[in-house]
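Note sheet for the following structure.
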């Protein structure tokens with residue numbers, strides 16, 4: 001069964017189509033007297049020089065604060081090319097699943113490592129996600145699901161920060177994940193004037209969004225990394241959408257020559273200690289750095305001129 005694709009607008013994840021899931025496992029949170037509805041979607045930030053990043057999902061596990069884990073098993077594994085879900089698009093893994101109400105400590109994405117791969121200009125290659133076969137992809141994001149509540153989250157895979165090509169020619173992904181509650185999320189959208197390229201900004205270019213207080217000068221492979229990125233299409237119009245974003249104030253800028261930002265940047269070495277790091281501002285230039293405010297359920301417009 002195919003997953004469901006949607007885009008974020010003022011009303012988030014409206015009209016999703018069920019993907020057919022079944023729950024198993026036991027236990028529940030502190031409010032075990034009822035159930036609520038849980039949904040989960042996936043979105044992605046871009047990575048350069050590859051055409052497909054396919055991850056096969058088999059289940060989603062929720063861990064109550066008290067009690068045994070609850071596993072929501074997909075009827076059939078979903079092999080998803082993450083690059084298909086950028087610029088505000090997302091794909092639904094869990095749709096309106098009845099789950100025991102209560103407090104939850106973490107969430108885990110269960111994967112089929114054998115059917116997870118990457119495609120670049122030389123063909124298809126294995127994509128290794130360390131420890132995924134044993135522990136999946138775990139997010140230590142706690143949340144509370146009340147009885148009769150409908151709760152929906154989106155997980156953002158930031159592939160630019162995650163995918164690393166080793167010196168031996170192997171692809172490794174140590175995912176950088178961000179989980180956002182859909183009904184509290186906002187959107188940043190706009191365009192970049194074509195006259196900027198290449199006179200003021202080298203192409204290809206991308207929009208980088210940083211947490212408040214961070215700037216482009218903080219990019220060092222650690223705390224100064226962007227929370228979200230999106231490539232510009234370089235089509236003369238250069239529309240972009242960054243979604244979902246938690247409400248708050250962010251720093252936004254154009255990253256010029258964004259294809260120079262790879263997961264091994266930030267450290268001249270390429271050993272295992274630095275893969276998964278991103279960004280060395282020396283590799284790129286930035287244009288139009290400014291602050292924007294994101295509001296839940298709304299689209300903030302910012303154009304680069």
| Test result for residue 67, assigned by TED's automatic domain parsing to the domain that holds residue 119, surrounded by fewer than 19 Cβ atoms within 10 Å (Cβ to Cβ) and farther than 19 Å from residue 155 by Cα | yes
| query | Within the set of pairs 6 or more residues apart or between chains, which connect a residue that is not assigned by TED's automatic domain parsing to the domain that holds residue 244 and at pLDDT below 95 inside region 78-101 to a residue that is surrounded by fewer than 23 Cβ atoms within 10 Å (Cβ to Cβ) and not in a strand (DSSP E or B) with Cβ atoms less than 9 Å apart? | reply | 86/46; 87/46; 87/233; 88/9
| Any hit, region 205-213, residues being surrounded by 14 or more Cβ atoms within 10 Å (Cβ to Cβ) and under 22 Å from residue 95 (Cβ atoms) | no
| said: With the condition being closer than 15 Å to residue 230 by Cβ and either in the same structural domain as residue 250 (by TED's automatic domain parsing) or in contact with a strand residue (DSSP E or B) (Cβ under 7 Å, 6 or more places away or on another chain) (or both), I'd like the strands (runs of 3 or more DSSP E) fully within region 144-208 carrying at least 1 qualifying residues. | reply: 150-158, 177-181, 186-191
| message | I need a count of the residues in region 33-59 that are surrounded by fewer than 18 Cβ atoms within 10 Å (Cβ to Cβ) and part of a strand (DSSP E or B). | response | 6
| query | Based on what the data block shows, is residue 281 modelled with pLDDT under 95, over 21 Å from the mean Cα position of the chain (by Cα) and either surrounded by 14 or more Cβ atoms within 10 Å (Cβ to Cβ) or within 13 Å of residue 187 (Cα to Cα) (or both)? | reply | yes
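The values are calculated or read from the model by the stated rules, or taken from the named source; none is laboratory data. Everything quoted here is computed from the prediction, not taken from an experiment. Please note: Cβ atoms are built from the backbone with ideal geometry, for glycine as well, and neighbour counts cover all protein chains shown.
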